[in-house]
Amino acid sequence: RKEVEQDPGPFNVPEGATVAFNCTYSNSASQSFFWYRQDCRKEPKLLMSVYSSGNEDGRFTAQLNRASQYISLLIRDSKLSDSATYLCVVNPNAGNNRKLIWGLGTSLAVNP
Amino acid sequence: DVKVTQSSRYLVKRTGEKVFLECVQDMDHENMFWYRQDPGLGLRLIYFSYDVKMKEKGDIPEGYSVSREKKERFSLILESASTNQTSMYLCASSEGVHEQYFGPGTRLTVT
């Protein structure tokens, strides 16, 4: 099992739709989680940090389910500008480990 | 805002050349990272550093070395570039065990 697995995508949705991505992780000791957004040929940028059960920022909601070891990202009222790849990232928190474990990403295309 | 800068956005080198990629961060972060990103393979960690003059191998260190002489600067060195090192190279920095902030990337082509 991969350390971090994401929905393969791509997701194609119309403007205004609600879309959800799931991400599972294998290390039950992981303590912190992130969603990054990456536009084509650009660097990843932090979208949200998830330290407890969840986090909400405007149209974006991240939820954490520790029992089932998955994180989800919900995007409401999708905009054309939401088209990007969304990366699920886990900090396994082994000791003083500073490394992050990156998913391969889920591609989202929001269509007019 | 955290700012991470990389010395070049695009670079073309010949096989066998020594290549230097420079990264500078302005937030006094203790940790710095070098990744490469290839289609279908995602982000792969090459090396990272958690202090000046300290370095640790990531998942794919072969063919690369790094240098961190000052806290704000982390260099990636390709000792003898090969065509399979054609890739997007991304530098990142972080504080403690928290989120990482990335530079704009260097797209390296080795011919």
Requested in this report: Find the relative contact order for the range A:1-111 and round it to a whole percent, using C-alpha pairs within less than 8 Å whose residues are 6+ positions apart.
Outcome: 37
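Loop only per DSSP, at most 12 neighbouring Cβ atoms within 10 Å: give me the trypsin sites (Lys or Arg not before Pro) in the range B:6-111, ordered by residue number.
Numbers: sites: B:9, B:13, B:14, B:18, B:36, B:44, B:53, B:55, B:57, B:68, B:70, B:71, B:73, B:107; in loops: B:9, B:14, B:18, B:53, B:55, B:71.
Filter output for the range B:6-111: B:9, B:14, B:18, B:53.
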Requested in this report: Can you list which of the GluC sites (Glu not before Pro) found in the range A:1-97 are DSSP loop residues with at most 15 other C-beta atoms within 10 Å?
Outcome: A:3, A:15
**Report entry** Solvent accessible area, Å² - residue B:26, 1.4 Å probe, full protein context
**Finding:** 90
Report task. With N set to the residue count of the range A:36-112, report its C-alpha Rg divided by 2.2 N^0.38 Å to two decimal places. Result -> 1.17
Requested in this report: Return, ordered by residue number, the residues of the range A:11-25 whose backbone nitrogen is under 20 Å from a label point located 7 Å along Cα→Cβ of residue A:109.
Outcome: A:11-22
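About its Cα centre, what dipole magnitude does the range A:1-93 give when the only charges are +1 on Lys and Arg Cβ and -1 on Asp and Glu Cβ, stated in debye to the nearest 20?
Working: 10 positive and 10 negative charges, 29 e Å.
Charge dipole, the range A:1-93, about its Cα centre: 140 debye, nearest 20.
Might you report the magnitude of the Cβ-based charge dipole of the range B:41-87 about its Cα centre, with Lys and Arg at +1 and Asp and Glu at -1, to the nearest 20 debye?
Values: 8 positive and 7 negative charges, 38 e Å.
In debye, rounded to 20, the range B:41-87 gives about 180.
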Report task. In nm, give the distance between the simple-model label positions of residue A:12 and residue A:41, each being 7 Å from the Cα along the Cα-to-Cβ direction. Result -> 2.3
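Convex hull over the alpha-carbon atoms of chain B: what's its volume per residue in Å³?
Details: hull volume 10.4 nm³, N = 111.
Enclosed volume per residue, from the Cα hull, is 94 Å³.
For peptide A:99-107, compute the average count of partner chain beta-carbon atoms within 10 Å of each residue's beta-carbon. Can you show the working numbers first?
On the way: counts 11, 10, 2, 7, 2, 4, 3, 0, 0.
The per-residue average across the peptide is 4.
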Query raised in the report: Hey, which aspartates and glutamates would be in cross-link range of residue B:13, C-alpha to C-alpha under 14 Å, not counting anything within fewer than 8 residues on its own chain?
Result: B:79
Query - Under 16 Å from residue B:55, Cα to Cα: aspartates and glutamates that are on another chain or at least 8 residues apart - result: B:22, B:30, B:69, B:72, B:95
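Quick check on my link table: of B:3/B:70; A:99/B:71; A:45/A:79; B:3/B:57; A:79/B:3; A:2/A:99, which ones sit more than 22 Å apart, alpha carbon to alpha carbon? Before the final figure, lay out each step's value.
On the way: B:3/B:70 16 Å; A:99/B:71 18 Å; A:45/A:79 18 Å; B:3/B:57 24 Å; A:79/B:3 27 Å; A:2/A:99 16 Å.
Over 22 Å apart, Cα to Cα: B:3/B:57; A:79/B:3.
The values are calculated or read from the model by the stated rules, or taken from the named source; none is laboratory data. Not measured: the values here are computed from a predicted model. Here the Cβ is made from the backbone with ideal geometry for all residues, glycine too, and neighbour counts use every protein chain on show. Side chains are part of the model used for accessible areas, which takes the heavy atoms of the whole protein and leaves out ligands, DNA and RNA. Shrake-Rupley method; radii C 1.70, N 1.55, O 1.52, S 1.80 Å.
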